[in-house]
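Just so it is clear, none of the values below were taken in a lab; they were calculated from the coordinates. Every value quoted in this text rests on a predicted model; they were computed, and no experiment measured them. Every residue, glycine among them, receives a Cβ derived from its backbone with ideal geometry; neighbour counts consider all protein chains shown.
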Amino acid sequence: MLPTPPAPASVYRGRFAPSPTGPLHLGSLVAAVGSYLDARTQGGEWLLRMEDVDTPRNVPGAADDILKTLAAFGFEWDGPVLYQSARFDAYVEALAQLKRSGKAYGCACSRKEIADSATRPAVDGGLAYPGLCRDGLPPGRAARAWRLRVNDDEIEFDDRVQVRIAQHLETDVGDFVLLRADGLFAYQLAVTVDDEFQRISQVVRGADLLASTPRQIWLQHCLGFATPAYAHLPVAANAAGEKLSKQTLARALAVDQAAAELVWALNFLGQPAPAELARARLAEVWAWALENWSFAAIPRCRAITVLPASNPS
Ligand code: GLU
């Protein structure tokens with residue numbers, strides 16, 4: 001068990017943090033709607049963060065397109081959008097702090113070297129890092145990446161939607177990458193530094209990120225940050241069990257059918273929005289959603305299969 005972290009801000013600050021790898025789709029809409037309504041129905045703020053740290057995956061124009069789509073759907077965010085691409089110095093500083101405290105170390109391993117000596121799979125795919133460079137770089141080798149030292153204490157948290165989650169990072173993940181061999185900061189570091197910077201008290205996002213959360217809690221602990229509350233919403237999956245995503249070619253949201261798309265997302269989250277709202281004005285859909293939002297009605301599962309026929313066409 002980790003010691004009790006500093007308490008998060010008592011004011012509700014939520015966020016939506018899309019990656020600009022393509023247009024928003026129904027899967028991303030579910031996370032946007034869930035985080036937005038949870039924040040607004042508790043008088044909270046809702047911030048936007050563009051997670052463009054993984055620059056090779058960014059699609060030109062996607063960030064602006066996402067913001068336009070959110071605005072056209074009637075989302076209203078607080079304050080300026082935070083772009084991770086402008087946050088390099090903050091990530092450098094966080095890594096420096098972890099290096100100073102001996103928690104981060106340089107790693108020379110190639111993928112092949114890791115594959116050849118790893119003995120366990122990691123929780124979310126890949127292999128648990130076998131710790132080859134933990135006690136120092138092999139003679140004559142230079143650091144390619146920087147990793148965070150973990151231990152095998154249990155990290156557990158009570159998710160607001162899912163059952164209690166527990167991981168032993170050393171067994172389930174291994175020392176994980178903070179700065180990649182290609183010079184880019186890893187999502188885990190960027191998201192942790194930015195949730196703290198934006199003083200996020202409530203993270204509401206897709207359950208595909210559930211397995212990442214113990215790493216983020218460990219990073220918060222190592223950096224002296226507060227731990228927000230977490231709610232991981234079920235993700236929409238296709239008949240093959242794959243999450244709806246750009247990779248599975250989920251279609252872009254249709255702005256001219258915003259009311260119908262919102263009603264679909266509300267129904268997906270267990271909110272019985274009446275079908276006729278799909279043809280109503282957006283303001284009416286939001287009024288219904290804000291009036292009737294029930295967090296308790298969200299299905300307590302990690303994924304829900306959606307058939308193409310249940311999407312508005
Ligand atoms: N950028 C991530 C995504 O689009 C979300 C990260 C998060 O919410 O923590 O899947």
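Overall shape: oblate for region 25-98, with the ratio a/c of the largest to smallest alpha carbon gyration tensor axis at 1.5 or above and b/c at least equal to a/b.
Extent along the principal axes, Cα only, for region 157-212: 36, 31, 16 Å, with the longest axis given first. Only aspartates and glutamates eight or more places from residue 246 in sequence, or on another chain, were considered; those with a Cα closer than 16 Å are 51, 52, 54, 65, 208.
Please give the length that would be gained between residue 275 and residue 152 if that part of the chain were fully extended, namely 0.36 nm times their separation in residues minus their C-alpha to C-alpha distance (nm, one decimal). If you can, show how the numbers build up before the last one.
Details: separation 123, 0.36 × 123 = 44.28 nm, distance 4.94 nm.
Full extension from residue 275 to residue 152 adds 39.3 nm.
Looking only at the chain, where both bridge partners belong to it, what percent of the DSSP beta bridges are antiparallel (to the nearest 5)?
Numbers: 15 of 29 bridges.
Approximately 50 percent, going by the DSSP bridge assignments.
Could you tell me the center-to-center distance, by alpha carbons, between region 25-73 and region 203-229 in angstrom? Cα centroid to Cα centroid, the span is 19 Å. FRET efficiency for the residue 296 to residue 199 pair, using the beta carbon distance and R₀ = 25 Å, is estimated at 0.40. Taking a ≥ b ≥ c as the square roots of the eigenvalues of the Cα gyration tensor of region 250-291, is the shape rounded (a/c under 1.5), prolate (a/b larger than b/c) or oblate? In terms of gyration-tensor shape, oblate.
When every Cα-Cα distance of region 182-273 is counted in 10 angstrom steps from zero, the calculated P(r) takes the values 13, 35, 31, 19, 2 percent.
The alpha-carbon of residue 103 sits under 12 angstrom from the alpha-carbons of these aspartates and glutamates, leaving out residues fewer than 8 places away in its chain: 135, 175. You can think of it this way: the chain between residue 282 and residue 229 has 16.1 nm of extra reach, that is 0.36 nm per residue less the Cα-Cα gap.
Could you compute how fast region 64-108 diffuses translationally, taking Rh as the Kirkwood radius over C-alpha pairs and applying Stokes-Einstein at 10 °C with viscosity 1.306 mPa s? Give it in µm² per second.
Working: Rh = 13.6 Å.
This corresponds to a translational diffusion coefficient of 117 µm²/s.
Remark on residue 237: its backbone amide H falls under 5 Å from those of 244, 304, 305, 306, a criterion applied only to residues 5 or more positions apart or on other chains, H modelled at 1.01 Å from N. For the chain, set up a Gaussian network in which alpha carbons nearer than 10 Å are linked by springs, and say which option among 190, 104, 254 fluctuates the most. Looking only at 190, 104, 254, the largest GNM fluctuation is found for 254. Could you work out the relative contact order of the chain? I mean the mean sequence separation of Cα pairs under 8 Å and 6+ apart, divided by the number of residues, in percent. Computed over the chain, the figure is 23 percent. Taking amide H as placed 1.01 Å from N in the peptide plane, the amide H of residue 161 sits under 5 Å from that of 232, each at least 5 places away or on another chain. The value for region 200-250 of Rg(Cα) / (2.2 N^0.38 Å) is 1.41. Taking the C-alpha atoms only, the angle from helix 88-100 to the longest principal axis of the chain is near 40 degrees.
Assuming R0 = 30 Å, what is the FRET efficiency of residue 99 and residue 256, from their Cβ-Cβ distance, to the nearest 0.05? Computed FRET efficiency for residue 99 and residue 256 comes out at 0.05. With a/c under 1.5 counting as rounded, go ahead and sort region 219-313 into rounded, prolate or oblate using the C-alpha gyration tensor (a ≥ b ≥ c being the square roots of the eigenvalues; past the cut-off, prolate if a/b is larger than b/c, else oblate). Here region 219-313 falls in the oblate category.
Pairwise Cα distances in region 55-184 exceed 17 Å for 70 percent of all pairs. Take the Cα of residue 116, step 7 Å toward its Cβ, do the same at residue 163, and the gap between the two points is 4.1 nm. Figure legend: label point modelled 7 angstrom from the Cα of residue 239 along Cα→Cβ; no residues of region 207-231 have amide N under 11 Å from it.
If one computes P(r) from the Cα atoms of the chain, what percent of pairs lie at distances over 25 Å? The proportion of pairs with Cα distances above 25 Å equals 52 percent.
The ranking of 222, 109, 301, 133 from fewest to most other beta carbons within 10 Å of each one's beta carbon is 301, 222, 133, 109. Against the main long axis of the alpha-carbon atoms of the chain, helix 187-197 sits at an angle near 70°.
Label point of residue 304 set 7 angstrom out along Cα-Cβ; within region 222-260, amide nitrogens under 12 Å from it belong to 233-237. What the phi angles of region 125-141 give under the Karplus curve with 6.51, -1.76 and 1.60, with θ = phi - 60°, is a coupling list of x, x, 10, 5, 4, x, x, 4, 9, 3, 9, x, 5, x, x, x, 9 Hz, glycine and proline written as x.
Cysteines of the chain lacking any other cysteine Cβ under 4.7 Å from their own Cβ: 109, 222, 301. Against the chain, whose longest principal axis comes from its Cα atoms, helix 258-268 is set at around 60 degrees.
Computed FRET efficiency, Cβ-Cβ of residue 135 and residue 247, R0 45 Å: what is it to the nearest 0.05?
Once rounded, the FRET efficiency stands at 0.75.
For the peptides 266-273, 13-20, the ranking by mean Cβ contacts within 10 Å, running from highest to lowest, is 13-20, 266-273.
Only DSSP H runs of four or more residues enter the estimate; each adds -39500 (n - 2.57), and after division by the residues of the chain the mean residue ellipticity at 222 nm equals -9000 deg cm²/dmol.
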